[in-house]
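Data block below; observations after.
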Amino acid sequence: IFAFIASFVYLLGFFGIDFVHSLILRQSTDLWNSEDEEENEALLRKEDARKIPCGQALDCSVTSAPIISAQKVVDEKPVKLTTEEDEEIIKAIVAGTTPSYSLESKLGDCKRAASIRREALGRITGKSLLGLPLDGFDYESILGQCCEMPIGYVQIPVGIAGPLLLNGKEYSVPMATTEGCLVASTNRGCKAIHLSGGASSVLLKDGMTRAPVIRFGTAKRAVDLKFYLEDPENFETLAVVFNRSSRFARLQGIKCVIAGKNLYLRFTCSTGDAMGMNMISKGVQNVLDFLQTDFPDMDVIGISGNLCSDKKPAAVNWIEGRGKSVVCEAIIKGDVVRKVLKTSVESLVELNMLKNLTGSAMAGALGGFNAHASNIVSAVYIATGQDPAQNIESSHCITMMEAVNEGNDLHISVTMPSIEVGTVGGGTQLASQSACLNLLGVKGASQESPGANSRRLATVVAGAVLAGELSLMSALAAGQLVKSHMKYNRSSKDVSKTSS
């Protein structure tokens, strides 16, 4: 008894009262609450008794208790300098005599440059970078193409939704996100689509745009160039000049808009498996140089005049399209709506009309006639190395729902006119993102049919959005949204104490 008391006092003094208290009152980490155990097991047996290999989907009405575990902070130790040369470089950066951006070229070692820059930044700001990883990343792979002046990298968890049965083929869709419920909800939508026979998609257009702005001395001269560019007899010559920029760039058309004496030229071209912004910009520059001979008085104000329109919500993209224009549809069986989605066809159709159509119209939405297309687009974009900023126009989507087969089943579709994706170039070449593209079977350029991989990726994005729309709308119709987010998207841990 004396030894036990002495041990307890020792623990109390050495580790502190909080630690001893946590040992005595530690919560159970059982997956299921005891009162819900039988109900959950019966539910799993019932819903997973299927032949197709769908993973367990989110059921917001009956859920398990989340596993509570201590958050682990990355034990990233401060960089230890091993040479006097490194110390001298850091002092020079702190003093301002050596620019931080020049380290890669001067040292010839990207990892060392990032390490030195990180240490110098810590001294300049007096702030700790503990928790921001440095090791375990290939800094050579981002040099000159992805990120300048790196000091580490941010970790984003990647979840998997699926299989998504689309056009007769199954896809496991990678989603990089920090939002709880998003992957689980999309996964539930994939399950409902799979149980109903799958979804189908059609590519409507495939063309990237760039729109320079040109100024003349008079509006008449601007109109002269507009007529010249829109004359079909001149298009072939302009196409030859434009297409010199790349093996894959092919000019499709030029749309001209006048604003006084200013002329905006919206070029559209195919770009193979690349997203294509750099490709089309080079082609546009070739045409502008060519036009300068016959129109020496033209003043090119900027190679982008925002009629493109890139990374901004714009009606021109909603109406004309940009990148890949895709429509994706599925017929969800009534039994699946009731048993998997926990709602009814009638409720979904009514909610879609009042929320996605009427509600968005009342809000003056531009391309936002959907529940949360941006959620899925962003998650897939980050996982596959796309430009996250292009989520803005890529998330333009109208979700339609209609009762079919005498009101027994649900027809759902998403129409997305401006999905901007590529499978080569930019972030797609990084190891993690390349692995996610490989998982989808669209890594790199298609050797058989240039552009086929990027077009397939666009259809997968639309299919994933279809699944996400179906699941979230069902959760809203069944009143499950708040309950599911309180269970999956709320942490009971005291993050401030954990971090400290």
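Per-structure values
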| read-out | value |
| --- | --- |
| Label point distance in nm, Lys282-Glu148, each placed 7 Å from Cα along Cα→Cβ | 2.1 nm |
| Prolate/oblate/rounded call for segment 84-192, Cα gyration tensor, a/c under 1.5 rounded | prolate |
| Peptides ranked, highest mean first, by Cβ atoms within 10 Å: ranges 254-260, 122-128 | 254-260, 122-128 |
| Sequence of Thr358, Thr209 from largest to smallest accessible area, 1.4 Å probe | Thr358, Thr209 |
| Length added when fully stretched, Glu350-Ile301, from 0.36 nm per residue minus Cα-Cα | 12.7 nm |
| Point-to-point label distance, Glu88-Lys127, nm (Cα→Cβ direction, 7 Å offset) | 3.1 nm |
| Sequence of Glu406, Glu320, Glu85 from largest to smallest accessible area, 1.4 Å probe | Glu406, Glu85, Glu320 |
| With every protein chain in place, segment 102-155: carbon and sulfur % of accessible area (1.4 Å) | 54 percent |
| Accessible carbon and sulfur surface of segment 248-330 relative to its total accessible area, %, 1.4 Å | 52 percent |
| For segment 443-460, Karplus couplings with θ = phi - 60° (6.51, -1.76, 1.60), whole Hz, Gly/Pro x | 5, x, 8, 6, 7, 6, 9, x, x, 5, 5, 5, 5, 5, 4, 4, 5, 5 |
| Per residue, in Å², the accessible surface of segment 212-302 once ligands and nucleic acids are set aside, probe 1.4 Å | 48 Å² |
| Probe 1.4 Å, all protein chains present, accessible-area order of Asp231, Asp409, largest first | Asp231, Asp409 |
| Between segment 306-336 and segment 410-444, the Cα center-to-center distance that results, in Å | 15 Å |
| Among Leu107, Phe137, Gly122 - extreme Cα towards positive end, dipole of segment 102-155, charges at beta-carbon | Gly122 |
| Pairwise centroid distance, computed over Cα atoms, of segment 181-197 with segment 340-355, Å | 16 Å |
| Protection proxy ranking of 430-440, 464-474 - average other beta-carbon atoms within 10 Å, highest first | 464-474, 430-440 |
| Net charge dipole size for segment 250-339 [Lys, Arg +1 and Asp, Glu -1 on Cβ; Debye, nearest 20] | 580 debye |
| Entries of Lys169/Lys339; Lys261/Lys312; Lys226/Lys261 with Cα pairs more than 22 Å apart | Lys169/Lys339; Lys261/Lys312 |
| Met275 - accessible surface, heavy atoms, 1.4 Å probe, Å² rounded to 10 | 40 Å² |
| Dipole in debye (nearest 20) - segment 352-480, about Cα centre, beta carbon charges: Lys, Arg +1; Asp, Glu -1 | 260 debye |
| Nearest-20 debye value, segment 212-302 charge dipole, Cβ charges on Lys, Arg, Asp, Glu | 280 debye |
| FRET efficiency for Thr358 and Ala389, using Cβ-Cβ distance with R0 set to 25 Å, rounded to 0.05 | 0.25 |
| Label-point separation, Asp294 to Ala6 (7 Å along Cα→Cβ), nm | 10.1 nm |
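The values are calculated or read from the model by the stated rules, or taken from the named source; none is laboratory data. Predicted, not measured: the structure shown is a model, and the values here were computed from it. Here Cβ is always computed from backbone atoms with ideal geometry, including for glycine, and neighbour counts include all displayed protein chains. Accessible surface is based on the protein model in full, side chains and every heavy atom, while ligands, DNA and RNA are left aside. Shrake-Rupley method; radii C 1.70, N 1.55, O 1.52, S 1.80 Å.
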